[in-house]
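Read the structure below first, then the notes.
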Amino acid sequence: MKTKYQHILVVLSISILLSACDLLDITPKHVVPLDKAFSDVESYQMALNNVYRRMTSSVMNMQSTDFAGDDFESVVPGFLETNYYIYNWDYKTQPQPFVWSYQYQLIAQLNSVIDAYDIVPAKDDNEQRSIDQIYAQALGVRCWSLFNLAQLYAPRYDGSNGQEKAIPLKLKLELEYLPQASLEEVYTQIFEDLELAQRLLIDSNYAPSFDQRAYQFGLGALRALEARVALFTGDIERARTVSAHFINTPLLDKSNYWMLWEDQYGTTNQEVIFMTHDLSDTDDADLIDYYEVYLNNRVHLSQDLISSFDADDIRKSSDYIGAGHIPSKYITPINERNSAVSRNLNYKYMRLAEQYLIYAEAVLSSEPNEAMRVLNILKEKRGAELLTEAPDKADILAERRREFFSEGLRFYDLKRLSGELNLVVSRPNGKVLAPNSSLYIWDIPKEEINSNPYIN
């Protein structure tokens, strides 16, 4: 497998650039000129592959935000001190501002790809279509990073507070320090880029093979992200329209649920919209994988989460909730298909089930019976008891929690709905995350504030 992924590691100019970055201080003197770095379509593709390689890490896919929510009831300081501080909502003394810096470093890589769009030479129409598709994917991943940064380091955007400060909106590689853009500016940029990227893929007849589709931030991932962003910004009509693209795609039956985690290539498995390659058996595997993130901190899933599953819910089985209630997703267990426990680092960034739940929430107020129908499809496939009456928003939120525990969405959901549903998170030490608390807005790292003259 090592040979299979060696092509991912070739864009040396980007690697040199990132090794020299100090948070947002992206200095162009370290970069090979774009016209030299991207002299053909192959080098352009390899630059995007390098972005995807960078995403093959538990540090990148926002799992650490789980420690700021209510899915865990205990944690002790371990090798990953940053998770411990997030668990206590102590953002000022966090040892390293890794979420901020990692996301902006990824954006720097993406901006090098995006900036090169107009200078990569195309020999023919086929090559131009390839260039368009690479550019569209880069735009989409940058939208994903900007959304995460805004969710963590800015107030929740509700449509009426668009002029509040959000995050620096870095859209060019050569820019260094920037002031914080407004919420409206950030989300306008995200939606515009997502729409442009989708048009490019449609116009270029984007049609990857099935075994490659889920490894590209393609049309499905762009739509899935658009639906997610729309839901979190209160654009319910957009969330409904976009998520409707997915609800006729079949979910796995309960008996085949294992395919979601163990069978990445089977054509029966259509539940993964975007994931990263599994590098766990190569020298390029991240030292901190999903399992170690939780094991090193000795965390247990909270009892109220565990008890919320119905008895026959496949998601509660020992294959997915390990001993002591440590989350076991991404660990391939010993079973009739596997003779030994092994790591599985195909991190799932976008999944079909999320689109079902976005759609159910988006139609809830106008068509409650339709919301119940779609929600019951998911519950039936997972082996859960079906609803007999229309759900409310709390029911949908509870299903989101059961479906996505330990996947980095819970803190976002709490921030989005804590005020409306009066959601309170309490710690054994007496600390409380109250509805609409300022603790839902992470502190911009000291290193950034000290070096960036536009942020105070």
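Computed from the coordinates by the stated procedures, all read-outs in this text should not be read as laboratory data. Note that the structure is predicted; figures quoted are calculated from it, not measured. Because the Cβ atoms are built from the backbone with ideal geometry, glycine has one as well, and the counts that use them run over all protein chains shown.
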Taking the Cα centre of segment 92-244 as the origin and placing charges on Cβ (Lys, Arg +1; Asp, Glu -1), which of 110, 201, 149 is farthest toward the positive end of the dipole?
149
Starting with the fewest neighbours, write out 258, 89, 144 ranked by other beta-carbon atoms found within 10 Å of each beta-carbon.
89, 258, 144
Spin-label model distance (nm) - residue 441 vs residue 296, 7 Å beyond Cα toward Cβ
3.1 nm
Order these by the 10 Å Cβ neighbour count, fewest first: 204, 426.
426, 204
For segment 325-456, what size does the Cα cloud have along each of its three principal axes, sorted from largest down, in whole Å?
53, 48, 32
Report the Cα centroid-to-centroid distance between segment 366-421 and segment 47-87 in angstrom, as an integer.
24 Å
Cβ density ranking, 10 Å radius, fewest first, applied to 424, 363 yields 424, 363
Students often get this wrong, so check it: of 92/165; 165/431; 92/393; 165/348, which have C-alpha atoms separated by over 24 Å?
165/431; 92/393; 165/348
Average projection area in nm² (convex hull over Cα atoms of the chain, one quarter of hull surface)
21.0 nm²
Can you give me the P(r) profile for segment 147-230? Cα pairs, bins 10 angstrom wide beginning at 0, each as a whole percent.
16, 40, 30, 14, 1
Percentage of Cα-Cα pair distances in segment 65-216 greater than 18 Å, rounded to whole percent?
67 percent
